[in-house]
Amino acid sequence: MKADVGEIRQGYGEIRLFPESIDDIWHLSHLIAPGDLVFAQTFRSVETATDKLRPEKAEKRPVRIGIRVEKVEFHQYSSRLRVTGMIESGPDIGSFHTLNLEPNFEVSVIRFWSKSDRERVDRAVKTSGSELVHVLAIEEGEAELFRIRQYGPEQVLTITMGSGKGAPVDSREGFFLEAAAPLLQITGPVIIAGPGFIKDDFAKFLKNRYPAIAANAMVVETRRIGRGAVQEVIGQGVIGKIAGDLQLGREVQVMDEVLKRIAMEGLITYGKAEVGQAVSFGAADQVIVSDRLIREPEVAGLMKQAEEMNATVTVLSSCFEPGERLWALGGIAALLRYAL
């Protein structure tokens, strides 16, 4: 993401953003909310004067318009963000239009920028251009490859011993060949994770058969398999050290702390009303919010109040397991300074 910050007064102003990847589009889905004013280039039908008796079909031309946002929809698999609202600047003022925001198209957002919003922009800019990290979670007879996005792990494929077509995958060597094949297309770092010795045996296989891949790979011990192994890798901070993006690791750690305090009946509260009370009393040290809730006026106001009370606000991705666990608790929790 590239960002050009305009004049910001008391938190309100314009930031021009240039998303470069699906991760940046995901960030935009949290930076644009109903009520914001958004400018971008789009196509609108423009009627041209003609001497013909029968009017010609209206021509669509690129125009820059500004809309007052009413609805935001993130389409992960098409790498697109649909932003719908009423046109306030440009042709056809007063009519509705949908902006289809994609990578490599500039957008300008005018709104109130909270501290957590600015931190999200900084994170997107800092990680721009970083190589994607992949995790191969491997166990006896099965391997799963995950691509680490900024919103969580994205499953790429699953390889099971005996499921290959034409390859000798009924043997361990055949299984290793199948598991190594997708790694040949990857240029960034690869983490080989899992319990037991199979991950080490696979790493030795790579070193002998594909030394270039092995040179770019790291072996990590985990207790769990599959997606659980990926979460352990993230929680250990391995990916943060490689990619320089520590947010996912923080999400794992903060949710572990939430669950630990709940189990021990410690300094913790959760639920909108309970967290709201903790914030108003100045008892909240850290407020943890699901990204599904941040557009709700009540929650947005609570987040702003928490920051004004010197509490840390952490937004968890609902696409990642820690965010799913938080959602099961009502989508919002707070680590407390003292008991209420």
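The values are calculated or read from the model by the stated rules, or taken from the named source; none is laboratory data. Just so you know, these numbers come straight off a predicted model, no measurement behind them. Note that we place each Cβ from the backbone using ideal geometry, even for glycine, and neighbour counts take in every protein chain shown. SASA here: full protein model, heavy atoms, side chains in, ligands and nucleic acids out. Shrake-Rupley method; radii C 1.70, N 1.55, O 1.52, S 1.80 Å.
Here are the numbers for the structure shown:
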{"quantity": "Most to least accessible of 74, 43, 205 (protein chains only, probe 1.4 Å)", "calculated": "43, 74, 205"}
{"quantity": "Two-site label geometry, residue 265 and residue 277: point separation in nm, points 7 Å out along Cα→Cβ", "calculated": "1.7 nm"}
{"quantity": "Flagged links, alpha-carbon separation over 23 Å, of 2/115; 115/272; 126/272; 126/199", "calculated": "126/272; 126/199"}
{"quantity": "Expected 222 nm ellipticity per residue - DSSP helices of 4 or more, -39500 (n - 2.57), all of the chain, to 500", "calculated": "-9500 deg cm²/dmol"}
{"quantity": "Among beta bridges that DSSP assigns inside the chain, antiparallel share in %, nearest 5", "calculated": "80 percent"}
{"quantity": "In nm, spacing of pseudo-spin labels at residue 295 and residue 100 (7 Å Cα→C-beta vector)", "calculated": "1.9 nm"}
{"quantity": "Separation of the residue 37 and residue 131 label points, Cα + 7 Å toward Cβ, nm", "calculated": "4.4 nm"}
{"quantity": "Value of Rg/Rh across segment 96-138 [Cα atoms, Kirkwood radius]", "calculated": "1.11"}
{"quantity": "Under-5 Å amide H pairs with residue 292, H placed in peptide plane, nonlocal only", "calculated": "318"}
{"quantity": "Accessible solvent surface per residue of segment 171-242, calculated while the other protein chains remain in place, 1.4 angstrom probe, Å²", "calculated": "48 Å²"}
{"quantity": "Computed over the chain: relative contact order in percent, which uses C-alpha pairs under 8 Å that are six or more apart", "calculated": "12 percent"}
{"quantity": "Where N is the number of residues in the chain, Cα Rg divided by 2.2 N^0.38 Å", "calculated": "1.19"}
{"quantity": "In range of the label at residue 184: residues from segment 194-211 whose backbone nitrogen is under 12 Å from the point 7 Å along Cα→Cβ", "calculated": "210"}
{"quantity": "Calculated over segment 59-177: convex hull of Cα atoms, volume per residue (Å³)", "calculated": "177 Å³"}
{"quantity": "For residue 225, solvent-accessible area (1.4 Å; no DNA, RNA or ligand), Å²", "calculated": "80 Å²"}
{"quantity": "Difference of contour (0.36 nm per residue) and Cα-Cα distance, residue 208 to residue 108", "calculated": "30.9 nm"}
{"quantity": "For segment 257-263, 3J(HN,Hα) per residue [Karplus equation, 6.51 cos²θ - 1.76 cosθ + 1.60, θ = phi - 60°, Hz, x = Gly/Pro]", "calculated": "5, 4, 5, 5, 5, 5, 4"}
{"quantity": "Descending semi-axes in whole angstrom, ellipsoid equivalent of segment 121-228, from the Cα gyration tensor", "calculated": "25, 15, 13"}
{"quantity": "Of all accessible heavy-atom area on segment 187-340, the percent that carbon and sulfur account for (1.4 Å)", "calculated": "53 percent"}
{"quantity": "Accessible surface ranking that places the most exposed of 151, 270, 210, 12 first, with a 1.4 angstrom probe", "calculated": "12, 270, 210, 151"}
{"quantity": "In degrees, nearest ten, helix 22-31 long axis to first principal axis of the chain (Cα)", "calculated": "50 degrees"}
{"quantity": "Acute angle (nearest 10 degrees) that the helix 198-209 long axis makes with the longest principal axis of the chain, alpha-carbon atoms", "calculated": "90 degrees"}
{"quantity": "Calculated Rg and Dmax of segment 259-320 using C-alpha coordinates, Å", "calculated": "11.5, 32"}
{"quantity": "Semi-axes of the equivalent ellipsoid for segment 149-284, Cα gyration tensor, largest first, Å", "calculated": "40, 16, 13"}
{"quantity": "Probe 1.4 Å, all protein chains present, accessible-area order of 289, 5, 238, largest first", "calculated": "5, 238, 289"}
